[in-house]
Amino acid sequence: MRPQTSRRALAFAIAATSAACGREAAPIGRPPAVQSATPPAPPKPAILVAADVNARLIAEWSRAGISPSPPAADATWLRRAWLDVLGTIPPPEVTLRFLAETDTEKRNRMIESLLASPLWPDHWTRYWDAIWMGRNVREADVDRGAFRSWLHDAFARNVSWSDLATQLLTATGQNSDGGPKKASEQNDGTGPSPAGVNGAVNWTLRFVQTPQDMAGLASRTLLGVQIQCAQCHDHKTESWKQKDFQSFAAAFLRTRPAPIDVGPPMGAIRRIELLDLDRPAPRFAKMGDIAPIMRSEPKALDGTSLDGPEGARRALAHWMTAPQNRWFSRAFVNRMWGHFLGRGFVDPVDDFRESNPTNAATVLDALAADFIASGYDIKHLVRLIVGSTAYARSSGPLDEVTARVDPEAKLWERFHMAPLGPDDLLEALIVATKLDAIVRASGRLDLPQVRFRVGQRYGFLFDVDEESDESDYDGTIAQSLTLLNGSVSTTGASVLPGSALGDIIGSPGDDADKIRAIYIRALTRLPTNDEIDRWTQYLADAPTPPPPTAPPPPAPDPAASHRPAKSGKIQQPDPLRNLEGRVGNERASARVHAYEDLLWTLLNSSEFVLNH
């Protein structure tokens, strides 16, 4: 916890500053079987632009008798777009340049810049790695870094969603070039894939003993269907039966991991060659819960047989990604719409079923058809969503009539405010404070290790559900406590070598100029005149700080290093603890201490931790 003056600054800011962030479709049912003998027609050029999407949205609002919220300010929209498209906040030079532009096309230019950014594959690698792998993989044969490298390469080359899904479902080959398991876990995937390695096979290896779980995850994330609910028994109110699940899961039993390395892994990743089989793998014969699946003929969700010469997994991928399969395109469009706008056409985004209604079905149908016509181009879809009028709405209150007709804003007439996930929050803190430069200047820490350890710590304290395929979560008290007490915000908001705050304080200009620079860096906006006046007065009235002292050591807890989290993880030590202890020695004056309080307060504000 920062000193008492920080609490004073937080109370001061809360009291003085107002928050700136402030026809149903026909049932999905079972589509006609995809005829694999008939080649699909070549894709047509994309048929939609943002104006087409906007017209459909406006028609939905008119039919419902609701009025949208006012447009979001440029600064709000810019921060929102960077967080959603790239998983971080914009650097100050980008913000200042964007706010200075006055032409009407600047948002469209920014969208194109975001889609071309090298941060694009970084963000979407983290997003899909969390969904498909979770935050804690225990299997010794899984090379997490190789899987991330495969994802990163696919997003960097803008591989179509249909090709990416096919590669995931049908992957064969070598999982890894070996190496320490720990290094693989900390590998963010931004480096090149090792020669001769197919990182995609690691997804199958994660479920090598539980293919039924892989079937459920594939159905949810690629088709938007929660068929895993029928794994144990039939549900009276749902159309999916246990036999449907067993037939679908049977397609995932036909692989064999052939070890390349022999002997125990001893902390290293064991190299595996993943092979396809023409029948269920013998290793499942003794697993009683899988026996009914082994006896089932592999079938797709519409009853199409997958038991052919090309192999069950390839037949599944062909059926799944065929243009005639209305689940595949609609599931991805719905997920992306939910990611960017806080709520999908179907909510939850992975729960298409007859008893779960679709909102604005005409918009979903149009986007799904266009996604197919574009060749399943992910960037094209994102361009439409981010350029839509719904994405440009403010998160402020609605008028009385609209609030009564649609209190949950199911038609996106208001932007859905949401807390940042652990990864995005950490990336935003790094940009706001230049934590990467602080780490480099220390000469004793490694940034990838810091990212990995802090990410684990945030994931633990923010209680991210390991069993969920969602990377989003609801903010809790733990989030606020972690920020208020955590070493990331405390260290980042301190005048240390390489820190953003040190650069700002050392730059020319008066207090007002420095306050503006801090706001631009932390909140992606300029402060109001009232905020400048109040913070200027705060700096002038800054009390003398207490003598610098190292933070007290934590109370001894012999069980702490062995206490598992809810997901079975071991809570990791804080890699910044020693660096945080140097903070007090860098404070030169009460004025510097007050500037630290200012930045620390902004980093712990709702405006910073919410995407609004």
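The values are calculated or read from the model by the stated rules, or taken from the named source; none is laboratory data. Keep in mind the model is a prediction, meaning the values are calculated, not measured. So basically every Cβ, Gly included, is an ideal-geometry build from the backbone, and we count neighbours across all protein chains shown. Heads up: the accessible areas ignore ligands, DNA and RNA and are worked out on the full protein's heavy atoms, side chains in. Shrake-Rupley method; radii C 1.70, N 1.55, O 1.52, S 1.80 Å.
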- request: Enumerate the calculated ³J(HN,Hα) couplings along segment 334-344 in order (Karplus 6.51 cos²θ - 1.76 cosθ + 1.60, θ = phi - 60°), each rounded to whole Hz, writing x wherever the residue is Gly or Pro.
  value: 5, 5, 5, 4, x, 4, 7, 10, x, 7, x
- request: Find the centroid of the Cα atoms in segment 141-205 and in segment 95-116, then give the distance between the two in whole Å.
  value: 34 Å
Whole-Hz couplings from phi, Karplus 6.51/-1.76/1.60, listed for segment 349-363; x for Gly and Pro: 5, 10, 10, 6, 7, 4, 8, 10, x, 9, 8, 6, 4, 5, 6
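Once you've got the Cα coordinates, tell me which of K182/K243; K106/K514; K106/K434; K299/K379 are over 30 Å apart. Before the final figure, lay out each step's value.
Working: K182/K243 40 Å; K106/K514 27 Å; K106/K434 27 Å; K299/K379 32 Å.
Check vs 30 Å cut-off fails for K182/K243; K299/K379.
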query: Which order, highest average first, do 418-426, 375-383, 330-338 follow once you tally other Cβ atoms within 10 Å for each residue and take the mean per peptide?
result: 330-338, 418-426, 375-383
query: For segment 489-548, what is the accessible area per residue in Å² when the probe is 1.4 Å?
result: 41 Å²
task: Quickly work out the A512-to-K243 label distance, labels modelled 7 Å from Cα along the C-beta direction, and quote it in nm with one decimal.
output: 7.8 nm
task: Pull up all non-local amide H partners of N611: gap of 5 or more, or a different chain, and H-to-H distance under 5 Å with H placed in the peptide plane.
output: A418, L420
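For segment 38-173, which whole-number percentage of the solvent-accessible area (1.4 Å probe, protein heavy atoms only) is attributable to carbon and sulfur atoms?
Working: 3190 of 5500 Å².
Using a 1.4 Å probe with all protein chains present, segment 38-173 comes out at 58 percent carbon and sulfur.
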Sorted peptide list for 340-346, 161-167, criterion being average Cβ within 10 angstrom, highest first: 340-346, 161-167
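Rounded to the nearest percent, how much of the accessible area of segment 325-420 (1.4 Å probe, protein heavy atoms only) is carbon and sulfur? Let's see the in-between values first.
On the way: 1410 of 2820 Å².
Using a 1.4 Å probe with all protein chains present, segment 325-420 comes out at 50 percent carbon and sulfur.
Provide the per residue accessible area, probe 1.4 Å, for segment 109-195, rounded to a whole number of square angstrom.
Values: 3080 Å² over 87 residues.
It amounts to 35 Å² per residue over segment 109-195.
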- prompt: What order, most packed first, do the peptides 432-440, 132-140 have when packing is the mean number of other Cβ atoms within 10 Å of each residue?
  reply: 432-440, 132-140
query: With every protein chain in place, what's the accessible area of Y519 (1.4 Å probe, Å², nearest 10)?
result: 0 Å²
query: Dipole of segment 486-533 (Lys/Arg Cβ +1, Asp/Glu Cβ -1, origin at the Cα centre): which of L526, S489, I505 lies farthest to the positive side?
result: S489
